[in-house]
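Student: Before I ask anything, let me first share the structure, which is written out below as structure tokens.
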Amino acid sequence: MEGRSQYSSGVAFLSSMDDQKRKPYGLIWVELSEVDWTPGPCCMSFGFDLNPLKRSIAKVGLINPPFVAREDKGRVQVVAGYRRLMAIKSLCWNKVHCWDVSDLSPIERLHLNFYDNLTTRDFNHVEIGMVLRRLASHLPKEEIVENVMPLLGLGSHEPTLDVYLALDGLENPIKSALAAQSLSLRTLKALLDTDPDTRLALLQWITNLNLNMNQQLQLIDYTIDICEKEKKRAEALFGEEAFLFILEDQRANRPQKAKQLLELLRARRYPLLIRAEKLFLRKVACLRLPKGVSIKHPPYFEDPHYRLEIAFRNGRALTEKLKALFGLEDLQKMGDPWSED
Amino acid sequence: MDFSISRVLVEQGAEKHALTQEIIGKINESHSEGKAESRDRQAPPVMDMDKGSLRLIDFPGEFLKPCPGTKGYICCGYQILHVGTNCPLDCSYCILQAYFNQPSLRVFVNLEEKLSAIGGFLDCQTEKIFRIGTGEFTDSLALDPLVGWSDMLLSFFAARKNAVLELKTKTDHIAGLLSAKNRDRIIVSWSLNSPHISAREEHGAPGLRKRLVAAKQCQEEGYALGFHFDPLIQHPDWKEGYMRTLELMDQMVDPKRIIWLSLGCFRYMPILKRIIRKRHPDTSVLDGEFIAGLDGKMRYFKPIRVEMYGFMKEKLEQWYPDLGLYLCMESDDVWQKSLGWSPTETAGLSDFLDERVSRFF
């Protein structure tokens, strides 16, 4: 296995090559029409903004030539510098000087691009997935976990690697959202358990309402539970009138819509709990507690104890509030809301 | 024996134990693949429990441990005799699925060597009653025809007046019990459910009738019986479903020789949800209204639990009023609201169950 010993010894491949003995790379002219523009086996770029690079190249020209390899059929494979070439293409250049690394093996080309990128920029999650997947076809999994993941700022954790490896097969809108950080990796992990249609239906809500990570996770959890229980597709669920109303409601802003969406799903997922919460609030409201006094229920009513809070300025105010509380006849009727339902 | 064991892995140190050779001999030596690494770093396929492999292990840890119980709820003060882990059955709700990073059926072949130390521990506390079970991390009888746990343990417990052994199972593997000489201080107990849950969620387990026929045979042979409706699971027509099981019990067993019967609504560690969905996509065990309990585990919303326990109590006590009914891992207020009394704390429930032991043995 090429590269194994270099990672294992903690020395990167390119730096371990004897520069003195290595045949120098040659600069060649590459016609842009010869370039294979599909993201090739070395590509680790996704979700990038070309404009800064275009502006730079337009102003001072191409500072660092890309690395390319000529393939058998005359096509040119991009090894490193995919973005630079894309920028040049969009600037309508016809040809460009590139370093020819056709002599390098596939893993050497991959290493070249990996280290070239590693030292100059941060990878987004999708790009990390691309790096790991490409390396995984050359290196054993344990080596990637132990030696490559730390280079990418990740802990050596195999389940995390599995999440990144699964990224490749995901739909482009999901990948774009992840690259743009509208989706967190935790959310993505939850989405991986769903089918493509469900993922895309959930993504629409996530991006349309700009849900934060906790909201994203809640949305996914509620949706999967409801769909499983009701044997319903997510698209069908979200096609219901109540959900469409939230989307189309002109009066609510995005945070308000996010709240409405999660409340709607929660009420559907936990009908008894929601009913108990409402009954409890109604009962407390009927008590007409003195100002500054509140009664709260424990989370999910699981703990048997309720909580009374009294805000007061001084002992006299406290005494008055306690007296008022003692005078409340209905206070003795307080109890689990479902008991009197 | 229907084990479907495709390979035996003998971990380092296990080869020297007689039980290892006995097990290999029983399975058929041609299936043995020799020694396995003591720490297998090869990850199994996604969430595969590798139930086709049997690992024979020289277990270095404690064999007898108190049940850890759970924070905020009343426990029964049980002791676990750790004879192995995992189980050839594949119940969708099983907690053991959370340990898929330690796959395979695992049998601790040095149990017999450790029994004298366990005996010493029990014998120096004669004033205390030890309720001991092997069914926490595995089914007590599923592998019994192969491993011979009953052979090893029955005489050991019959000789001790301050301990009882409970063998919890969903199987009908009772041949070892029926051929045993010693039956004193042994409780054979069955995990039961509604026919719907049994058929849909308890994959690989014998049906309820088979379990109860086995219970009937054990009772006729003089064994004390226990039953565990744990997990109780809400499903359409659950009341009728559980009633059908009670009717079957009524046909098969004499309630007077039931030492105890526990009820426990389905609860699970949050991590288990994803695993259950992955391993059992058709399951309905996650459909109920689960909330985070005081111990962080997911449980049915309290009024649901109270209703289920209350229903079961009513029907069970109509059948026989002195079944030693208790709740597993429940709070004081749920006890009060559903059973009408509460042991208040773990010590109280321990006393209740110890008293049942004294009465039965």
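Student: Report the full-extension gain for the segment B:GLU221 to B:LEU178: residue separation times 0.36 nm, less the Cα-Cα distance, to one decimal in nm.
Tutor: Fully extending the segment from B:GLU221 to B:LEU178 adds 14.8 nm.
Student: Further, regarding this structure: At 222 nm, what value in deg cm²/dmol follows for chain B if DSSP H runs of at least 4 each add -39500 (n - 2.57) and the sum is divided by all its residues, to the nearest 500?
Tutor: -10500 deg cm²/dmol
Student: Report A:ASP336's accessible area, 1.4 Å probe, all protein chains in place, as a number in Å² to the nearest 10.
Tutor: Approximately 20 Å² for this residue.
Student: Which net charge results when you count Lys and Arg as +1 and Asp and Glu as -1 among the other residues whose beta-carbon is under 15 Å from that of A:GLU329?
Tutor: That sum, taken over residues with Cβ under 15 Å, equals +3.
Student: Okay, next question. Once amide H atoms are built 1.01 Å from N in the peptide plane, which residues 5 or more positions from B:GLU330, or in another chain, come under 5 Å H to H?
Tutor: Residues meeting the amide H criterion: B:ILE74.
Student: Report relative contact order for region B:137-198 in percent, whole number only (criteria: Cα-Cα under 8 Å, sequence separation at least 6).
Tutor: Result for region B:137-198 is 38 percent.
Student: Whenever you get a sec, line up A:ARG251, B:ARG299, B:ARG279, A:ARG233 from highest to lowest accessible area (probe 1.4 Å, protein heavy atoms).
Tutor: A:ARG251, A:ARG233, B:ARG279, B:ARG299
Student: How many angstrom lie between the C-alpha centres of region A:322-341 and region B:244-281?
Tutor: That distance is 38 Å.
Student: Could you work out the relative contact order of chain A? I mean the mean sequence separation of Cα pairs under 8 Å and 6+ apart, divided by the number of residues, in percent.
Tutor: RCO, chain A: 12 percent.
Student: Per residue of A:298-304, what is the mean number of Cβ atoms on other protein chains within 10 angstrom of that residue's Cβ?
Tutor: Taking the mean over all residues of the peptide, I get 6.
Student: Just in region B:154-258: which trypsin sites (Lys or Arg not before Pro) are loop by DSSP and have at most 14 other Cβ atoms within 10 Å?
Tutor: Answer in residue order: B:LYS161, B:LYS181.
Student: Starting at the first residue of region B:229-239, write each ³J(HN,Hα) from the Karplus equation 6.51 cos²θ - 1.76 cosθ + 1.60 with θ = phi - 60°, in whole Hz, x for Gly and Pro.
Tutor: For region B:229-239, the Karplus curve yields 8, 8, x, 6, 10, 6, 7, x, 6, 5, 5 Hz.
Student: Under a 5 Å amide H to amide H cut-off, with H placed in plane at 1.01 Å, what residues pair with A:VAL35 once short-range neighbours are removed?
Tutor: Those lying under 5 Å, H to H, from A:VAL35 are A:VAL76.
Student: Hey, with R₀ at 41 Å, roughly what FRET efficiency would A:GLN181 and B:ASP237 work out to, going by the Cβ-Cβ distance, to 0.05?
Tutor: 0.30
Student: For chain A, what does -39500 (n - 2.57) per DSSP helix run (n ≥ 4), summed and divided by total residues, give at 222 nm, in deg cm²/dmol to the nearest 500?
Tutor: -14500 deg cm²/dmol
Student: A follow-up question, please. Could you pull out every residue, at least 5 positions away or on a different chain, whose amide H is within less than 5 Å of the one on B:CYS91? Hs are placed 1.01 Å off N in the peptide plane, and Pro or chain starts have none.
Tutor: Amide H neighbours of B:CYS91: B:HIS203.
Student: Rg and Dmax of region B:148-246 over Cα atoms: what are they, in angstrom?
Tutor: Here Rg and the maximum Cα pair distance are 14.8, 47 Å.
Student: Report the semi-axes of the equivalent ellipsoid for region B:251-291 in whole Å, largest first, where each axis is √(5λ) for an eigenvalue λ of the Cα gyration tensor.
Tutor: Whole-Å semi-axes of the equivalent ellipsoid: 32, 13, 9.
Student: Another question, then. What fraction, in whole percent, of alpha-carbon pairs in chain B exceed 28 Å separation?
Tutor: 43 percent
Student: Cβ under 12 Å from A:GLU127's Cβ, A:GLU127 left aside: what net charge do those residues give with Lys, Arg +1 and Asp, Glu -1?
Tutor: Residues near A:GLU127 contribute +3 overall.
Student: Does region B:160-319 come out rounded, prolate or oblate, given a ≥ b ≥ c as the square roots of the eigenvalues of its C-alpha gyration tensor, rounded meaning a/c under 1.5 and, failing that, prolate meaning a/b above b/c?
Tutor: Note, shape of region B:160-319 comes out prolate.
Student: Enter the angle in degrees (range 0 to 90, nearest 10) between the Cα long axis of helix A:51-60 and the first principal axis of the Cα atoms of chain A, meaning the one along which they spread out most.
Tutor: Helix A:51-60 sits at roughly 30 degrees to that axis.
Student: So what are the ³J(HN,Hα) numbers for region A:280-296, from phi and the Karplus equation (6.51, -1.76, 1.60; θ = phi - 60°), rounded to whole Hz, Gly and Pro as x?
Tutor: For region A:280-296, the Karplus curve yields 4, 4, 5, 5, 5, 4, 5, 5, 6, 5, x, 4, x, 10, 9, 10, 10 Hz.
Student: Same structure, new question: Across the residues of B:301-309, average count of Cβ atoms on other protein chains within 10 Å?
Tutor: 4
Student: Within region A:18-77, report the GluC sites (Glu not before Pro) that DSSP leaves as loop and that have at most 14 other Cβ atoms within 10 Å.
Tutor: A:GLU71
Student: Sticking with this structure for a sec: Each label point is 7 Å from the Cα along the Cα-to-Cβ direction; what then is the distance between the points at A:LYS296 and A:LYS333, in nm?
Tutor: With each label placed 7 Å out from Cα toward Cβ, I get 2.5 nm.
Student: When the Karplus curve 6.51 cos²θ - 1.76 cosθ + 1.60 is applied with θ = phi - 60°, which whole-Hz ³J(HN,Hα) does each residue of region A:331-339 get, with x for Gly and Pro?
Tutor: So the Karplus estimates, Gly and Pro as x, are 4, 5, 8, 4, x, 4, x, 6, 5 Hz.
Student: Then there is this: With no solvent and one equal point scatterer placed on each C-alpha of region A:103-218, evaluate the Debye formula and give log10 I(q)/I(0) for q = 0.12, 0.23 Å⁻¹, two decimals.
Tutor: So the normalised log intensities work out to -0.46, -1.29.
Student: Toward the positive end of the charge dipole of the protein assembly as shown, about the Cα centre and with charges on Cβ (Lys, Arg +1; Asp, Glu -1), which of A:LEU279, A:TYR222, B:PHE130 goes farthest?
Tutor: Farthest towards the positive end: A:LEU279.
Student: Something else now. Can you work out the FRET efficiency for the pair A:LEU91 and A:ASN214, with r the C-beta to C-beta distance and R0 = 51 Å, to the nearest 0.05?
Tutor: E between A:LEU91 and A:ASN214, to the nearest 0.05, is 0.75.
Student: Further, regarding this structure: From Cα pairs below 8 angstrom and at least 6 apart in sequence, can you work out the relative contact order of chain B, rounded to a whole percent?
Tutor: 16 percent
Student: Let me ask something additional. Could you give the length gained by full extension between A:ARG121 and A:GLU71, i.e. 0.36 nm per residue of separation minus their alpha carbon distance, to one decimal place?
Tutor: Extending this stretch completely gives an extra 15.2 nm.
Student: Taking each residue in A:225-232, count the Cβ atoms of any other chain within 10 Å of its Cβ, then average. What number comes out?
Tutor: What the average comes to for A:225-232 is 3.
Student: What accessible area, in Å² to the nearest ten, does a 1.4 Å probe give for A:ARG133?
Tutor: We get 100 Å² for A:ARG133.
Student: Roughly how many Å² is the accessible area per residue of the protein assembly as shown, as a whole number, for a 1.4 Å probe?
Tutor: On a per-residue basis, the protein assembly as shown sits at 48 Å².
Student: Now for a different question. What translational diffusion coefficient, to the nearest whole µm²/s, does region B:284-356 have by Stokes-Einstein, given a Kirkwood radius computed over alpha-carbon pairs, a temperature of 25 °C and 0.890 mPa s viscosity?
Tutor: 184 µm²/s
Student: Kindly report, to the nearest 10 Å², the accessible surface of A:THR160 as traced by a 1.4 Å probe over protein heavy atoms only.
Tutor: 40 Å²
Student: List the equivalent ellipsoid semi-axes of the protein assembly as shown in whole Å, largest first, each obtained as the square root of 5λ for an eigenvalue λ of the Cα gyration tensor.
Tutor: Square roots of five times the eigenvalues give 56, 40, 21 Å.
Student: By the gyration tensor of its Cα atoms, with a ≥ b ≥ c the square roots of the eigenvalues, what is the shape of region B:61-116: rounded for a/c under 1.5, prolate for a/b over b/c, or oblate?
Tutor: Judged from the Cα gyration tensor, region B:61-116 comes out oblate (a/c at least 1.5, b/c at or above a/b).
The values are calculated or read from the model by the stated rules, or taken from the named source; none is laboratory data. Given the structure is predicted, the values throughout are model-derived calculations rather than measurements. Note that we place each Cβ from the backbone using ideal geometry, even for glycine, and neighbour counts take in every protein chain shown. Heavy atoms of the whole protein, side chains included, go into the accessibility calculation; ligands, DNA and RNA do not. Shrake-Rupley method; radii C 1.70, N 1.55, O 1.52, S 1.80 Å.
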